[in-house]
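Notes follow the structure.
The values are calculated or read from the model by the stated rules, or taken from the named source; none is laboratory data. Fair warning: this is a prediction, and the values are worked out from it, not measured in the lab. All Cβ positions, even for glycine, are placed from backbone atoms using ideal geometry, and neighbour counts span all protein chains on display.
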Amino acid sequence: MFMTKISRRTFIGGSAAMGALLTSPELVKALTSQPYPRVKVANIRNLRVGEPVSFNYPDENSPAVLIKLGERAHGGVGPDGDIVAYSSLCTHMGCPVSYSKKRFVCACHYSMFDPAKNGQSYQGHASEWLPQIILRFEPRTGDIYAEGVEGLIWGRVRNVLKATKK
Amino acid sequence: MALFERMDRIPIPPKDAQKFTTVCQYCNVGCGYNVYRWPVGKEGGLKPEENALGIDFSKQGVALQTQSITETMHNVVKGEDGKLYNILIVPAMDSPINRGNYSIRGGTNAQAAYSPTKPTRNRLRYPLIRVGDEFMPVSWDEAIDLIARVVKGVKDKWGPDSVAMKIHDHGGSGAGFEDNWAVGKFFFIAVGTRMLSIHNRPAYNSEVWGQRERGTHELNYTYEDARLADTIVLWGANAFETASVFYTEHMIPNLQGATTEEKKKEYLKGEPAEPARMIVVDPRRTASVTVAEAVAPDRVLHLRLNLGTDYVLANAIARVVWEKGWWDKELVEKRTDLKTFEDYKKKSLMLDVPYDEFMSRVERLTGVKRADIEKAAEWIAKPKAGGFRRRALTIYEKGIIWGYKNYDTIAAIAQLAALTGNYGKPGTGCGRLGGHQEGYVRPHGTSRAKLVGSIYAGGPPPNIDEYVKNDPRAKVYFVAGTDPYLSTPNSQAYKKRVHERTLTLTKYLSEQAKLAGEPAGSEERAKRILEGLEKTDGLFMVVINMYEIETARDAHVILPAAGWGETPTTSINCNSRLLRIYDQFMAPPGDAKPDWWIWGRIATRMKELYEAEGNREEAKYCAGFDWKDAAEVFKDGGKDFPDNRVSEADEAMLPAECYRGVTYEYLRKVGQKGIQVPVRIDPKTGELVGTKRRYVHRFGTPDGKFKWYGTDPWEPDPMKFYPPQITKYFQDGNDRKFPFWFTNGRTQIFWQTGYNDRYLPEKVYTIPLPYIEVNPEDARRLGIKSGDIVEVYNLEGNAIALVYVNDAPPPGTIYGIMYHWKGSLNHLTTDYTDPKTTIPWYKASRVAVRKLKGNLEDVLKNTSLLPINDFTT
């Protein structure tokens, strides 16, 4: 199990124990981070510009999509910094988004997200940007790993649903 | 890595979390929201029985079925008891309006709530008074005493009209029936001034007298009509962006054919029930056009008319209906005034002009092809199979309200609906989309200042922008709940003059005995201010707002207002007139107070001052402002409505927003269900009854009949059609200097001036600057591309804007966001107002565009420049 620390917008009330720890930001951060799995999701040799690759992350009930955009993108990995991945559930009401013409479109209420700009919801109803999946590129093998998610996946109050190993 | 801090987990409300009913603070749709509140440090469990929502959070939610909860829906706030609470503000699944759906605005209701450690920490916390170049915090007692003394002094010396104001009259956004009642009572009775103007325009007027004076209020349909209509007409209304949930939750399902079963229940026996068609009248290819096309390309008609030609187009569609014999003879003959109908036929339909000639003139002026005009008429009025009348719902908004000839345009569209029989039946109606919600209750009957209507009803009302700019008789100016430095038309000229006049007074105050000092304390300061107002053309300005807005920079007093959720309030939405309570769930920042409390305190202080000098007459007008709470203000306002123990048919004669008899207790009981105004008290049962759809039996005129109106004559030659504010751009070489039409509008992304949104990172990155949209053809000619920075300018003013190239504006027309916290494109609008109504024409002027050097790296890197009107995959 690989751990990624996600910074928080604010210190939110978790448990009574956490309330007592509020004075120590370091500890709060460690406590509220989610334990994300490290999963191989693609190899760069199989990627074509503009052709999305579907996978599930951080578990089998959370569809995600990886794309080589062909232009440098926010949070992009790989030699060209153009490989990004996002949760493919629209942050608005959870419908699947589809990739075309350099953006994600949701067919339910027509929210659109820009994968080159951190999943920005630049048109439509979605008030939160698409959660971006943290990728790691291994230059030696060309493998691409998912290591965490920034932002809340639709339909969840915490991204990692499975019980945490102590 | 993310551009701003994100959350991958939010706390779960425990089983015993408190629940409050509220409604979104933003647009006209008025989506229901539920607020869950629980102490920081506590959290519920994942299992349905362990949390307040009863949701199994151990499983992935199901699209469109599970309650949506996003990062933006959570915050930590201070309660009225001073304790910190988690709040979760989620779209209500039990609201008939949104059914769990929500928009990019409403989804941030929680994020926008005041929190001392959050982006909105910038809220005003204390009253501020200007001393020279600075603002200094004072108590309410001090600030109120100063204002009361100045208002009283000015009024006693120069009369009530020396006090001017520009103030909200609407619901939502923290202002509802309570605040509006207090404002009205203060200015109409305690002060008695006529120098009134409404937040978004220069005068105190209805935006739609052209419809009201026909006998129909503009809010007459119910949201279900969008599900039941055969044809939905969006006229100058970009509903996808400005009434987002109404569009996607109710109009789109109808376009998709998903409401057929509902239609069968409401339609006549044997009447065909098919998926709806949509007509969009708009010079731009807006998202409302392109989303509809993505859903049903064959059932969308886009009429892309020339700016300001709407009333001619509406009359032309009506003429086609007349020629084809598709008009509703039964409704016209039984329920409309046949005397004025003759005038309509002659002047609006121009029956004296042969059809072919008439249509070719219309084509020439409007730029819309005859075939499309005829198709629109067919879609609105050609009977369905079996001879059943088509049901058309026409929804219009700022595209025409803020268009050329406001009165005639609104009248033309309201009359097209009457001619085609589209009032008072399921799937019909003709009214506003709305901008914000509504909450209008003002003491008209007991007003000391006579209020006027259009030119046909004692008006038009005075233009208060011009009054405070140029008339030295204006001494005091209240600006509350609005930011005219961004939002008023021709705003560069406006703020220059308001700045000059307020600065004149500021300078006078600090030039005491040739020193820089000012007198101390409210009594001395008020005396000095009154002296300054006598000796100079200075203007004393009071700003009441949640934030230190742009206009506040020239204020002499700034008062901190409570916002949404910080006081209970009530409003109605626009698409079904649904009255609900917006309950309080947190404390206002610092010493901020609800507007009604502020007006009450000023009036009460004036009463004390009048009593002290033995002026009982004036003291009497300042009495009755000592409300204890919001519920009392609501009740006080409700008593002003006429007796509403009337029959169902007589709802037509009630004021549109009549809620007499409704209490907070009742509203808390009905929750999201609410009650549709006008509310009646059933004469038989004594029960409160809402009005689902208006004008089912009669129209709102003394004889119950719809009154027709013959619109102004027109010429197809633009030089003869447009007013001098526009034709000056066609002359003296200006046509070459200012080669583009300019029009403006709103975006889905942020609300009004972005008073909250300017602090939310999602919005700041997405819309970092005021922007224009340029057609690719014009962009090539100008040598500009998306992401460039340009200066847009004309004879009115200048604006800097970010460029988006897309095909929404037609070639030759530049579209701009009306305003943004980094700049106002209203600098470019002219000072034209309709002489019949004093409503401005924001939507057209002529401009030039010049590319500026360089780019902003942050914008190129972090802001999406993709086209906002292409939804195809």
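Numbers at a glance
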read-out: Qualifying position, being more than 8 Å from every other protein chain (Cβ to nearest Cβ), modelled with pLDDT of 95 or more and out of contact with any Phe, Trp or Tyr (no Cβ under 7 Å at 6 or more places or on another chain), among B:Gly54, B:Gly107, B:Gly100; value: B:Gly54
read-out: Matching residues in the range A:87-118 - criterion: being buried (at least 23 other Cβ atoms within 10 Å of the Cβ) and among the aliphatic types (A, V, I, L, M); value: A:Leu89, A:Met93, A:Val97, A:Met112, A:Ala116
read-out: Verdict on B:Val289 being surrounded by 19 or more Cβ atoms within 10 Å (Cβ to Cβ) and over 25 Å from B:Gly435 (Cα atoms); value: no
read-out: Search result, residues across the range B:743-788 that are among the aliphatic types (A, V, I, L, M), over 19 Å from B:Glu550 (Cβ atoms) and either outside the structural domain of B:Leu802 (by TED's automatic domain parsing) or free of Cβ contacts under 8 Å to residues at least 60 places away in the same chain (or both); value: B:Ala779
read-out: Condition met for B:Gly61 (free of Cβ contacts under 8 Å to residues at least 12 places away in the same chain, assigned to a loop (DSSP other than H, G, I, E, B), more than 27 Å from A:Pro96 (Cβ to Cβ) and within 11 Å of chain A (Cβ to nearest Cβ)); value: no
read-out: All positions within the range B:555-576 that are over 26 Å from B:Phe135 (Cβ atoms) and either under 18 Å from the mean Cα position of the chain (by Cα) or not in a loop (DSSP other than H, G, I, E, B) (or both); value: B:Thr569, B:Thr570, B:Ser571, B:Ile572, B:Asn573, B:Cys574, B:Asn575, B:Ser576
read-out: Residue tally, condition assigned to a helix (DSSP H, G or I) and surrounded by fewer than 23 Cβ atoms within 10 Å (Cβ to Cβ), over the range B:738-763; value: 3
read-out: In the range B:759-774, the residues that are within 18 Å of B:Glu71 (Cα to Cα) and more than 12 Å from chain A (Cβ to nearest Cβ); value: B:Tyr759
read-out: Looking only at the range B:827-873, and only at residues there that are of a type in the set (A, V, I, L, M, F, W, C) and within 24 Å of B:Ile455 (Cα to Cα), the one that is farthest from the other protein chains (Cβ to nearest Cβ); value: B:Ile839
read-out: Residues that are assigned to a loop (DSSP other than H, G, I, E, B), under 17 Å from B:Asp81 (Cβ atoms) and not aliphatic (A, V, I, L, M), drawn from the range B:27-54; value: B:Gly41, B:Lys42
read-out: Only one of B:Gly445, B:Gly458 that is surrounded by fewer than 24 Cβ atoms within 10 Å (Cβ to Cβ) and on the phi > 0 side of the Ramachandran plot; value: B:Gly458
read-out: Subset of the range B:64-73 that is surrounded by 20 or more Cβ atoms within 10 Å (Cβ to Cβ) and within 7 Å of chain A (Cβ to nearest Cβ) - its residue that is farthest from the chain's Cα centre (by Cα); value: B:Thr66
read-out: Breaking point among (1) facing chain B (nearest Cβ under 7 Å); (2) crowded, with 23+ Cβ neighbours inside 10 Å; (3) over 16 Å from the mean Cα position of the chain (by Cα); (4) of a type in the set (S, T, N, Q), for A:Ser121; value: (3)
read-out: Criterion violated by B:Leu3 - all others in (1) in a strand (DSSP E or B); (2) within 8 Å of another protein chain (Cβ to nearest Cβ) satisfied; value: (1)
read-out: Any hit, the range A:27-48, residues being at pLDDT below 95, within 22 Å of A:Trp129 (Cβ to Cβ), surrounded by 14 or more Cβ atoms within 10 Å (Cβ to Cβ) and more than 9 Å from chain B (Cβ to nearest Cβ); value: yes
read-out: Subset of the range B:668-701 (residues that are in contact with a Pro (Cβ under 9 Å, 6 or more places away or on another chain), surrounded by 17 or more Cβ atoms within 10 Å (Cβ to Cβ) and not β-branched (Val, Ile, Thr)); value: B:Gln672, B:Gly674, B:Pro678, B:Gly690, B:Arg693, B:Arg694
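Yes or no, residue by residue, for (1) modelled with pLDDT of 95 or more; (2) out of contact with any strand residue (DSSP E or B) (no Cβ under 8 Å at 6 or more places or on another chain):
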site	(1), (2)
B:Glu511	no, yes
B:Gly538	yes, yes
B:Ile549	yes, no
B:Ile581	yes, no
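Listed here are the residues, each with its yes/no results for (1) at pLDDT below 95; (2) facing chain B (nearest Cβ under 7 Å); (3) under 21 Å from B:Met1 (Cα atoms); (4) in a loop (DSSP other than H, G, I, E, B).
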position	(1), (2), (3), (4)
A:Val105	no, yes, no, no
A:Phe113	no, no, yes, no
A:Trp129	no, yes, yes, yes
A:Leu135	no, no, yes, no
A:Leu152	no, yes, yes, yes
A:Gly155	no, yes, no, yes
